[in-house]
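These notes concern the structure reproduced below.
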Amino acid sequence: MASYADDDLAPTKTEGFKLGEKKTVKEYTELDENDESLRRWKQSLGIGSGKDLSDPSDPRKAIILSLGLEAEGRPDIIIDLTAPGAVEALKKKPFAIKEGAAFRMKATFKVQHEVLSGLKYIQVVKHHHTKVRVSKDEEMIGSFSPNTNDKPSHESKFAWSNAPSGIVARTKYDVVSKFTDDDDNTHLLFEWSFEIKKSWE
């Protein structure tokens, strides 16, 4: 892992926010069905719908299945993270992003074993040559119950960004990214890079 301070990837803390008592999916399912707002909340998470797909032999609570890059004027770039060596290969092959282009990242993922509270994505971008931090972005993805055969995976599309432009911006950038949650569990930590170019190629 490249040189990044611990607080580089620390999530923003909401002042005064405290986590509620954690419950199992079964306990959530059995909560008062007469409470309409609670029923809608459970429905939004998918609790009680379909057969749980959790793998008893896999302790992970969130499995990031793929990462993608959407951009105007070109096909989506999708990286299958379930393929052997896919995460390690991200750093070796930079994404090319056209200067000034509008783009956004997206992720597909699976949740298992228990309700996942406050999944979020954090990334820190540094200039490849100077190592100076260019930006830090944080995307709140949400809370999810374990996936079922009714909904075998989730997809989240992040906010749109505009690539910088100009001769100074046209260079390589190093990124470290993390998927974490309200319990400070790290579900995936990885490095990747991109290069701002005059064209997509």
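The values are calculated or read from the model by the stated rules, or taken from the named source; none is laboratory data. What you are looking at is a predicted structure, and each value in this text was computed from that prediction instead of being measured. With ideal geometry, Cβ positions are generated from the backbone for all residues, glycine too; neighbour counts draw on all protein chains shown.
Each residue in region 66-84 was checked for being surrounded by 15 or more Cβ atoms within 10 Å (Cβ to Cβ) and closer than 14 Å to L188 by Cβ, and 4 pass.
For (1) farther than 22 Å from D76 by Cα; (2) without any contact (Cβ under 8 Å) to a residue 12 or more places away in the chain, each residue gets a yes or a no:
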position	(1), (2)
H154	no, no
A159	no, no
N162	no, no
I167	yes, yes
D181	yes, no
E191	no, no
F194	no, no
K197	no, no
W200	no, no
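Taking the listed residues I141, I122, the one that is modelled with pLDDT of 90 or more, among the β-branched types (V, I, T) and touching a helix residue (DSSP H, G or I) at 6+ places or on another chain (Cβ under 9 Å) is I122, with no other qualifying. Residue count for region 58-115 under the criterion of being without any contact (Cβ under 8 Å) to a residue 40 or more places away in the chain, within 19 Å of D174 (Cβ to Cβ) and not in a loop (DSSP other than H, G, I, E, B): the result is 7.
Can you pull out every residue in region 129-163 that is surrounded by 15 or more Cβ atoms within 10 Å (Cβ to Cβ) and either part of a loop (DSSP other than H, G, I, E, B) or at positive phi (or both)? Listed by number, the residues that qualify are S145, P146, N147, F158, A163. Every residue in region 116-136 that is free of Cβ contacts under 8 Å to residues at least 24 places away in the same chain and either touching a Ser or Thr at 6+ places or on another chain (Cβ under 8 Å) or closer than 14 Å to L9 by Cα (or both), please. Once the filter is applied, which keeps residues that are free of Cβ contacts under 8 Å to residues at least 24 places away in the same chain and either touching a Ser or Thr at 6+ places or on another chain (Cβ under 8 Å) or closer than 14 Å to L9 by Cα (or both), region 116-136 yields only S135.
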